[in-house]
Amino acid sequence: MNLEVFLFYAFAVLAIGSALLVVSLKNTARALFLFFITLFSMAGLFLFALADFVAITQIMVYVGGVLILMIFAFMLSNKELLADLQNISGSFISLPNWQSLLLALGFFAVILLGLKEWNNDMPDWMLSNIKSGDIISPNDNNIHQLGIKFMTQYVLPFEVISIFLLMALIGAAHLSRKEDTQ
Amino acid sequence: MITLTHFLVVSACIFCIGLYTVIAKRNAIMILIGIELMINAAILNFVAFSKYDKINYGGQVFALFAIVLAAASVAVGLAIILNVYRHYKTINPDNITDLRD
C-alpha cells in the first residue's frame, strides 16, 4: 500500500468518523467545533481529486467564514438558548432515532446498490477524454486555467452568483437588524 | 491507485450522515449542519468527476459555485433562526407553527 492510498484512507476515516461524532454528541458547542475537523478533512479529500483551488476555498469560506458565523450566532444569543439547546427533552422533530437511522441506512444501501450496478462503465465524454489524454495531472497549473474559464466560458453564472451573494448578504443583514422600539 | 469509486463511497457515507442529522435532530442549528454535510458530499462528487474533464473544468467551477451558495444559505438561515428565537423563545422546529405574528 503506497503513501497516497494510505493518506486517502486516513482522511476518509477522519471525515466519516468526525461526522458520526458530530451527529452523536449531545453538546451542540462540541459538535460545532468537531464540524471543523470534518470540513478540514473534506478539504484534504478534495486535494486527492487534484482540485487544489477548491480545497483552499473550502478552508477559507467554510472554516474561516461559515463556522465562525455559526459559533458567533451560537455564543451571542443569550444564555437561555444555550440551555435550551442542551436540554433535549420533549418530542422529536418528526421521527424517533431508530426510524431516522433506518431511513438513512436504507438510502445508503440504495446508493451502494446503484454503485454496484454501475460497474465502472464510464460515460462517453469520460472515455473520450481518457483516450485523448485530457485528464488533470498533478503538475498541471489548475488555478491559471480556472481563472481563464471563470472569465470566458462561465462568465454568466459567475455574474449571476455574485449578484445572488450580494442579495443574500443584504437580506441577512436586514433580517438580523434590531427592531425599532415603538 | 485511488479510483472514482473510492470518492463516491466516501461521499455516500457523508450524505447519509447528513440526512440522518436533518431527520433526527431537534434544534435548528444542528439541522443546518446536516444540510452543510449533504452539500459537502455533493461537492466531493463534483470534484471527483472533474478530474476527467480537463477541457471544460466544469466540475471544479460548479463546486466553487456550490460553496458560495452554501455560504449564502447559512447566512440567511442563521439570521432567520435568531429572529425565530426572538419571537418564539425556542428553536425546536416542532413548536414553530404559525407563519404570521
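The values are calculated or read from the model by the stated rules, or taken from the named source; none is laboratory data. The structure presented is a predicted model; accordingly, all values stated were derived computationally and were not measured. Here the Cβ positions follow ideal geometry from the backbone for every residue, glycine too, while neighbour counts run over all protein chains shown.
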Of those in the stretch B:63-88 that are more than 8 Å from chain A (Cβ to nearest Cβ) and without any contact (Cβ under 8 Å) to a residue 24 or more places away in the chain, the residue nearest to residue A:65 (Cα to Cα) is B:86
Pairing a residue in the stretch A:101-122 that is more than 9 Å from chain B (Cβ to nearest Cβ) with any residue that is surrounded by 15 or more Cβ atoms within 10 Å (Cβ to Cβ) and outside any helix (DSSP H, G or I), where Cβ atoms lie under 9 Å and the two sit 6 or more apart in sequence or on different chains, gives none
Output yes when any residue across the stretch B:32-44 is more than 16 Å from residue A:57 (Cβ to Cβ), crowded, with 21+ Cβ neighbours inside 10 Å, within 7 Å of chain A (Cβ to nearest Cβ) and not small (Gly, Ala, Ser), and no when none is. yes
Picked from the stretch A:137-147 (must be within 9 Å of chain B (Cβ to nearest Cβ) and modelled with pLDDT of 85 or more), the residue surrounded by the fewest Cβ atoms within 10 Å (Cβ to Cβ) is A:145
Residue pairs qualifying under the 9 Å Cβ cut-off, at least six apart or on distinct chains, with the first in the stretch A:5-25 being at the interface with another protein chain (Cβ under 7 Å from one of its Cβ atoms) and the second being basic (Lys, Arg) and in a helix (DSSP H, G or I), are A:22/A:30
Of those in the stretch A:29-56 that are surrounded by fewer than 21 Cβ atoms within 10 Å (Cβ to Cβ) and of a type in the set (Val, Ile, Thr), the residue farthest from residue B:33 (Cα to Cα) is A:56
